[in-house]
Each structure stands twice: as structure tokens, then as C-alpha cells.
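The values are calculated or read from the model by the stated rules, or taken from the named source; none is laboratory data. No experiment lies behind these values; they were computed from the predicted model shown. Quick note on the areas: whole protein, heavy atoms, side chains included, nothing else; ligands and nucleic acids left out. Shrake-Rupley method; radii C 1.70, N 1.55, O 1.52, S 1.80 Å.
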Amino acid sequence: MTTFQVAGLVFSILVFAAAWLQGGHPERFGVMVNLVCWLVSVFAASLTIGDMPVGVALADIGLTGVLVWMAMTGERWWPFAAAFMLLTLMVYLSLILAPGLDQRADYAARLGLFICVVGTLLIGIAERWLAGEPPVSATTLWRPAARP
């Protein structure tokens, strides 16, 4: 793993934890969608046609669809995440149009855009904090209520 990959992984884990604990239901849904897409892309990484990572592309198309749906129906920061995922799909289009591109450049571009998608979760947390809305974890019972 390169330093950029390790930094992206650590950043993603920290942001996912912060969004889960300090965010609301939309942020938690965003964490779950991103984690599911990441897991699917890990297991589908071996599905390729030539140098084109078809399995990962299909996972990213699914994530883009969910984020576009959330951008159209939600009220928060989802248009940013959807825009970054649309740019990720443009990276796949560039692979089709210019097949001689280096795989490392393709992966670095997709990883950088995914870090931007994850970073938009921080925008959601900051927006919730600035609006004075409590996080969902503040109202969640972490242990069963005591019996009277």
C-alpha cells in the first residue's frame, strides 16, 4: 500500500466513526452506503475486462445512484457527494476513451475522489453542529433502561 492509500484508509475510518457518533440519520445512512460500496468493490475487484475494473465500476455506479437519489430527496450536503461520484464515473469513461492510461493514475484519481466523498460526511457533521442539532447518538440508549 502506498502512503496515500494508508492515509485515505485512516481518514475514512476516522470520518466514518465521527459521522456515526456525531451525525444524524442521513450521515449514518451515508456511512453505511459508503461501507457497503467499499466492501462490494473489494470483493468485485477481480472482475475485469482487459484493464477496466468492471466490478469496481459497477459498485461505483450503484453508489452514485444512491447518492444522486439522496441529493434529490435530501436537504443536506448530498449534492457534493453525488458530484464527486459523477466525477469518478468520468474517470471510468476516460479509461474507455484512452485505454493506454496508467492504472496507477486511474486508481489514484478514483481514490482521491472517494476521499472527497468521505470528506463530505464532515460537512454534514459540521452543518448539524452549526445548526445546533444534537447527534443521534446523544438520544440513543446504549444500555437497557433500568427496571423500576
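Observations
- Most mobile of L63, L89, L97 in a GNM of the chain (Cα contacts under 10 Å): L97
- Quotient of Cα Rg and 2.2 N^0.38 Å for region 1-109, N being how many residues it contains: 1.13
- Cα-based convex hull volume of region 44-98 per residue, rounded to whole Å³: 62 Å³
- Between the Cα long axis of helix 78-97 and the first principal axis of the chain there is an angle of about 10°, rounded to the nearest 10.
- Listed residues L67, L95, L130, most fluctuating in the chain (Gaussian network, C-alpha, under 10 Å): L130
- Rounded to 10°, Cα long-axis angle of helix 103-131 versus longest principal axis of the chain: 20 degrees
- Between 0 and 90°, nearest 10: helix 3-22 axis offset from the chain longest Cα axis: 30 degrees
- A 1.4 Å probe run over the protein chains yields, for the chain, 62 Å² of accessible area per residue, whole-number rounding.
- Percent accessible area from carbon and sulfur atoms, the chain, protein chains only, probe 1.4 Å: 74 percent
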